[in-house]
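First the structure, in the form of structure tokens, and then the observations on it.
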Amino acid sequence: MNVLVIGGGGREHALAWKLAQSPKIHKVYVAPGNGGTASDPHLDNIAVTDVVALREWAQENKITLTVVGPEVPLAAGVVDEFRAHGMRIFGPTKAAAQLESSKAFSKAFMRRHNIPTAEYATFSDPAAAHAYVDKMGAPTVVKADGLAAGKGVVVAMTVAEAHEAIDFMLVDNTLGVAHNDGGARVVIEEFLEGEEASFIVMVDGKNVLPLATSQDHKRLQDGDQGPNTGGMGAYSPAPVVTPDIHAKAMREIILPTVKGMEADGIPFSGFLYAGLMIDKNGQPKTLEFNCRMGDPETQPIMMRLKTDLLDVLLAATEPGPHGKLDEVELQWDRRTALGVVLAAHGYPLTPRKGDAITGIPKDSEDAAVFHAGTALKDGVLQTSGGRVLCVTALADSVKQAQQRAYQVISEIAFDGMQYRADIGYRAIKG
């Protein structure tokens, strides 16, 4: 059968790479893909991004199953379009994707369904937002309401930083946020302390199947310094998510979310990502929801998944009121997978494009290089985005996986390449 993966980042490369391992699949197409998927003999890139054009192409090419990677096509209603034509697709509808595409919707939903999260207020008027910050003080968190490619969050440690973030988001729109209906809005939240973890599950409208735990590194520089990014590296499993915390996250956050969406008349299917903050007492709160797998968390998770991903996605998209994820049991490699992002010069604000990339080794049993911001131009692999590659390795411990990943990185080069040298440090330190 033929399968389509929508997207062009590292997450999509990892999903397509995993799907291509299924003996039941004839061809995996990636739309639009990147330089890595273009050079993989098991994958074919399709230069189509328009929602209707994608559906028409999928029909013409007898695509059995489509899986959506990034948030933009979800918010544009790609799942609604495919389903309206009887096509099998894994992802949330446009209405359900508001859990990610609108921070205001998400926070109101959590408050309505008693899902633990930070206290907050929503503003469209800059003066009111500034007055709120003056009253509440710092540290505080300022979030853009629309999609911002993982960069629409400012953790303001001072009142001045909070004021600057409000102006960025409401006045100047320096971050390039895709505003929702009603124009620019910000959500200002209380600052939560603790350790972050990524809690990702698959949902078929009713049943929930948790994926392996993982932890992302959002800050640009070592020791969690510098600006927030889309993610500079990740590892799986995450020791911070103990069995007790896992049970609490499912009981208090994930299951009430799935039930709440169903109760609100917008049942959720697709990958559901809860960004958790776990406090010193082991109590998780929800920082945000994403309606997709995380990037770079997908890369280590896919490295560890032993089950045929196609079988899981077919169960999730079984025709009927909901799928059959309750009949699936996932098998995981016991080893730790760790991925390090190699970013372009100037990332995250002004990433440079067009730098030639050399030295990428062939995949091995314990290491793979997933592409994100790359393109093949006249046979030369070049940088084409902020996060360029995710070098991912498998080993018996976090420390050994870290050493293997950085060993592979030592072979790769492009001008201005930047990366963190401490991915996984929390797990090693702990």
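Points worth noting:
- Highest GNM mean-square fluctuation among Gly386, Gly339, Gly265, for the chain modelled with Cα contacts below 10 Å: Gly265.
- Principal axis analysis of the Cα atoms in segment 313-355 yields extents of 47, 30, 16 Å, listed in decreasing size.
- Protein accessible area in segment 1-69, 1.4 Å probe - carbon and sulfur %: 51 percent
- Exposed loop sites, defined as GluC sites (Glu not before Pro) outside DSSP H, G, I, E and B with at most 12 other Cβ atoms within 10 Å, are absent from the longest region of the chain, namely 194-328.
- Listed residues Ser124, Ser22, Ser384 arranged by accessible area, highest first, probe 1.4 Å: Ser124, Ser384, Ser22
- Neighbours of Lys24 by Cβ distance under 11 Å: Lys/Arg scored +1, Asp/Glu scored -1, total -2.
- Over 27 Å (Cα to Cα) - which of Lys103/Lys399; Lys206/Lys306; Lys24/Lys218; Lys306/Lys362 fall in this group: Lys103/Lys399; Lys24/Lys218
- Calculated mean residue ellipticity at 222 nm for the chain: -7000 deg cm²/dmol, from DSSP H runs with n ≥ 4 weighted as -39500 (n - 2.57), summed, divided by the residue count and rounded to 500.
- Packing-based ranking of 103-110, 270-277 yields 270-277, 103-110, ordered from highest to lowest mean Cβ neighbour count within 10 Å.
- Applying 0.36 nm per residue to the separation of Glu411 and Glu119 and subtracting their alpha-carbon distance, the gain on full extension is 100.5 nm.
- Sorted peptide list for 44-53, 311-320, criterion being average Cβ within 10 angstrom, highest first: 311-320, 44-53
- Sparsely packed loop sites in segment 342-430 (the trypsin sites (Lys or Arg not before Pro) outside DSSP H, G, I, E and B with at most 10 other Cβ atoms within 10 Å) comprise Lys362.
- Taking a Cβ cut-off of under 10 Å around Thr117, the surrounding Lys, Arg, Asp and Glu residues balance to a net charge of -1, with basic ones at +1 and acidic ones at -1.
- Simple spin-label estimate for Ala356 and Lys259 gives 6.0 nm between the two label positions (7 Å along the Cα-to-Cβ direction from each Cα).
- Inter-label distance, nm, simple model (7 Å from Cα along the C-beta direction), Gln403/Ala53: 4.9 nm
- The Cβ shell under 12 Å around Arg334 holds other residues with a net charge of +1, Lys and Arg each +1, Asp and Glu each -1.
- Taking label points 7 Å from Cα along the Cα-to-Cβ direction, Lys135 and Asn2 give a separation of 5.8 nm.
The values are calculated or read from the model by the stated rules, or taken from the named source; none is laboratory data. These numbers come from a predicted model, not from an experiment. Heads up, the Cβs are rebuilt from the backbone with ideal geometry, glycines too, and the neighbour counts pull from every protein chain shown. These area figures cover heavy atoms from the full protein model, side chains too; ligands, DNA and RNA do not enter into them. Shrake-Rupley method; radii C 1.70, N 1.55, O 1.52, S 1.80 Å.
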